[in-house]
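Right, one structure below, let's go through it.
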Amino acid sequence: MVDADDAATFFHTPAYLKLYWEEFGERPEHLLIAFGEEQDGRQIGACAFERTGTSLRFLGGTEVTDYMGPVAVPARRDEYAKELWSALLHRTDWETADLWGLPEDRPWLGLLEASAQDHGLTVERAPDHDGVAPFLALAPTWDAYLGSLTSKTRHEIKRKAKRLASEAGPFALVRADPGSLNGLLDRFVELHRLSEGPKGVFMQPGMEIFFRRLGEAFLPSGVFDLAFIDVGGSLEAGTIGFRFGSTFYLYNSAFSRRLEQLSPGMVLISEVIRSAIGSGCESFDLLKGDYAYKYRFGAVPRQVGRLVVSR
């Protein structure tokens, strides 16, 4: 169903959701997976939920999963959305459904909202708690990408790279492979915990295990991407991303304060964008969080919505 649905993302894949459930799930009876099937047994849609008390939410968790919701054969989405609410209403173990992570430029937000209303449910649409996910359509070459930017943005990208090289020394992009994964993850966790504010306390032991399992599970297939900018033998900034289909998802980042004034993190992201273009990606998703730095690469805002549905 993920392969069939052009609105699906890496975060909808069974492998990702299984790993999430193993790390953060509570009791088995709280997991609910709803399949839609034809009379001949052919599957047309699927959606995974978890229940907390009397509230349903999409499986994935808002702290670590940016996009959530159903997947289905595109021509059958409307039918599946209607049947999903009909089936859920036969259950008595929930009162509200708090559904996050639904991009407004994809069909599921509107379909689930309309179908719930058709079933007599009360529906409130609201922004996701990080309600904007900046998004970048990629040109086929790096030069074409730079040419698509404003002159100011293009100048800033080039200037930061030149300044880093001239003031701190030559830099190189370093990527994790099976032999270096654990050591590079050690450095990424270290940089994360040195961050200020909420970012610095995000990487608790349980979260670190989750990130390490993501690397172990998805590096061999080329989906998991852990990249660093190496400046004079020192790993000054790191990013974690997922390359899935024709999209690169920038998932998390961390950087050293030592060269903060030289913007090694910004240089690294531009190099990761260059690499994504070189690997054939058509889009670069900077995911949720409406931060100013994301727009310095030419990204445009994508609104992400939430539905609160009450019986």
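Bear in mind that the values in this text are calculations on the coordinates, not laboratory data. Since this is a predicted model, take the numbers as computed values, not measurements. Cβ: placed from backbone, ideal geometry, glycine included. Neighbour counts: every protein chain shown.
Can you compute the charge dipole magnitude of the stretch 135-285 about its Cα centre, using +1 on each Lys and Arg Cβ and -1 on each Asp and Glu Cβ, nothing else charged? Give it in debye, rounded to the nearest 20.
In debye, rounded to 20, the stretch 135-285 gives about 380.
Positive end of the charge dipole of the stretch 135-285 (Lys, Arg +1 and Asp, Glu -1 on Cβ, about the Cα centre): tell me which of S151, L136, L185 has its Cα farthest that way.
S151
Please report the relative contact order for the stretch 1-155, taking Cα pairs under 8 Å with a sequence separation of at least 6, and give it as a percent rounded to a whole number.
Values: 187 pairs, mean separation 30.6, N = 155.
The value is 20 percent.
Which residues does a label at R42 reach in the stretch 61-94, if reach means a backbone N under 20 Å from a point 7 Å past the Cα toward the Cβ?
Counting backbone N atoms under 20 Å from the label point, the list is 71-84.
Work out how much length A172 to R125 would gain on full extension: take 0.36 nm times their residue separation and subtract the Cα-Cα distance, in nm to one decimal. Provide the component values of the computation, followed by the final result.
Details: separation 47, 0.36 × 47 = 16.92 nm, distance 4.52 nm.
Contour length minus Cα-Cα distance gives 12.4 nm.
Using the Cα centre of the stretch 242-311 as origin and beta-carbon charges of +1 (Lys, Arg) and -1 (Asp, Glu), tell me which of V304, L250, S275 is placed farthest towards the positive end of the dipole.
The Cα lying farthest towards the positive end belongs to V304.
How big is the charge dipole of the chain about its Cα centre, in debye rounded to the nearest 20, if each Lys and Arg gets +1 on its Cβ and each Asp and Glu gets -1 on its Cβ?
Details: 34 positive and 43 negative charges, 253 e Å.
Approximately 1220 debye in magnitude.
Which entries in the list K152/K288; K162/K294; K152/K294; K82/K288 go over 23 Å, if you measure between the two C-alpha atoms of each? Walk me through the numbers before you get to the answer.
Working: K152/K288 25 Å; K162/K294 20 Å; K152/K294 15 Å; K82/K288 28 Å.
With Cα atoms farther than 23 Å apart: K152/K288; K82/K288.
Are there trypsin sites (Lys or Arg not before Pro) in the stretch 64-106 that DSSP marks as loop and that have at most 15 other Cβ atoms within 10 Å, and which are they?
Details: sites: R76, R77, K82, R91; in loops: R91.
The qualifying sites are R91.
Which value, in debye to the nearest 20, describes the size of the charge dipole of the stretch 157-235 about its Cα centre when Lys and Arg Cβ atoms bear +1, Asp and Glu Cβ atoms bear -1, and nothing else is charged?
Values: 11 positive and 9 negative charges, 91 e Å.
Dipole about the Cα centre, nearest 20: 440 debye.
Only Cα pairs under 8 Å and at least 6 apart count here; give the relative contact order of the chain as a rounded whole percent. Let's see the in-between values first.
Details: 548 pairs, mean separation 75.6, N = 311.
After rounding, I find 24 percent.
Please turn the phi angles of the stretch 63-70 into ³J(HN,Hα) values with the Karplus equation 6.51 cos²θ - 1.76 cosθ + 1.60 (θ = phi - 60°), one per residue in order, whole Hz, x for glycine and proline.
The phi angles translate into 6, 10, 10, 7, 10, 9, x, x Hz.
Averaging over all projection directions, find the projected area of the Cα convex hull of the stretch 135-285 and quote it in nm² with one decimal place. Before the final figure, lay out the partial values.
Values: hull surface 36.1 nm².
Answer in nm², one decimal: 9.0.
Based on DSSP H runs of at least 4 residues, each adding -39500 (n - 2.57), what is the mean residue ellipticity at 222 nm of the chain after dividing by all its residues, to the nearest 500 deg cm²/dmol? Spell out each step's value before the answer.
Numbers: 9 runs with 106 residues, N = 311.
Result for the chain: -10500 deg cm²/dmol, rounded to the nearest 500.
For helix 151-168, what angle does its Cα long axis make with the longest principal axis of the chain, in degrees from 0 to 90 and rounded to 10?
With both axes taken from Cα atoms, the answer is about 50 degrees.
Sort the following peptides by mean Cβ neighbour count (other Cβ atoms within 10 Å, averaged over residues), highest first: 260-271, 157-168.
On the way: 260-271: 20.4, 157-168: 15.1.
Those peptides, ordered most packed to least, come out 260-271, 157-168.
Please give me, ordered by residue number, the GluC sites (Glu not before Pro) of the stretch 1-31 that lie in loop per DSSP and have at most 14 other Cβ atoms within 10 Å.
E26
Under a 5 Å amide H to amide H cut-off, with H placed in plane at 1.01 Å, what residues pair with Y251 once short-range neighbours are removed?
Hits under the 5 Å cutoff: I240, G241, F242.
Taking just the alpha carbons, could you work out the radius of gyration and Dmax for the chain, both in angstroms?
20.8, 67
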